[in-house]
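Some notes on the structure that comes next.
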Amino acid sequence: MSTIPPALPDHLLELIRHGEDYRIEYKEARKELPKNLFATVTAFANRDGGDIFLGVHATGVIVGIDATLSAKFITNFITLAHNKEEIFPSIDIVVNEYVYISDGSFVGIDKNGKTLCEQAGTYHIIHIHVPVSCAVVRHKVEFMIETEMLILI
């Protein structure tokens, strides 16, 4: 028997509607974890921390993740986050799944001015909060700072 995730808190919806910036990142991730997820985690940890939302389009429109895959997403993410071959040193990342019920009234605008309308419905999203690290965090052999990549030799 699976439990229903809690409703998306208002303060997290406000972060989503605020738009992406150096502390907020959206990733659609409908069927799998994004390949660049840990690059974003390390960049946030090496700067000011931040919040990653899986199931959100770049425009801020909530598209959701496949609800049948959410537990697998979270388990895989946590396993990889604590694997020193993937990310080192490990950091205390907070991961939660939420449900959002959209009335379909939100309209997002991409960088080219194209609009994307959020569809009315119930969506599952995953929120990942990345704290600031007191040590430089490396992703594999690289470490990330904001959007710049420096390779260790």
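For the reader, a short list of remarks on this structure follows.
- For the stretch 53-82, taking the residues that are hydrophobic (A, V, I, L, M, F, W, C) and either in contact with a Leu (Cβ under 7 Å, 6 or more places away or on another chain) or on the phi > 0 side of the Ramachandran plot (or both), the one that is surrounded by the fewest Cβ atoms within 10 Å (Cβ to Cβ) is identified as F77.
- Of all the criteria given as (1) surrounded by 16 or more Cβ atoms within 10 Å (Cβ to Cβ); (2) in a loop (DSSP other than H, G, I, E, B), the one not satisfied by E85 is (1).
- Verdict on V41 being in contact (Cβ under 8 Å) with a residue 24 or more places away in the chain and under 15 Å from I125 (Cβ atoms): no
- Unique match (being at pLDDT below 95 and either among the hydrophobic types (A, V, I, L, M, F, W, C) or in a loop (DSSP other than H, G, I, E, B) (or both)) among F77, F53: F77
- Between I101, I4, the distinction of being in a loop (DSSP other than H, G, I, E, B), among the hydrophobic types (A, V, I, L, M, F, W, C), touching a residue at least 60 places away in the same chain (Cβ under 8 Å) and surrounded by fewer than 17 Cβ atoms within 10 Å (Cβ to Cβ) belongs to I4 only.
- Close Cβ contacts (under 7 Å, 6 or more residues apart or on different chains) running from residues in the stretch 52-66 that are over 16 Å from V95 (Cα atoms) to residues that are polar (S, T, N, Q) comprise I62/S102.
- Test: L69 is assigned to a strand (DSSP E or B) and either under 17 Å from the mean Cα position of the chain (by Cα) or within 17 Å of E28 (Cβ to Cβ) (or both): no
- Selected residue (criterion: nearest to the chain's Cα centre (by Cα)) from residues of the stretch 7-42 that are assigned to a strand (DSSP E or B) and more than 14 Å from G55 (Cα to Cα): D21
- Single condition I128 does not satisfy, out of (1) under 26 Å from G19 (Cβ atoms); (2) in a helix (DSSP H, G or I); (3) of a type outside the set (K, R): (2)
The values are calculated or read from the model by the stated rules, or taken from the named source; none is laboratory data. Bear in mind the structure is a predicted one, so any value in this text is a computation, not a measurement. Please note: Cβ atoms are built from the backbone with ideal geometry, for glycine as well, and neighbour counts cover all protein chains shown.
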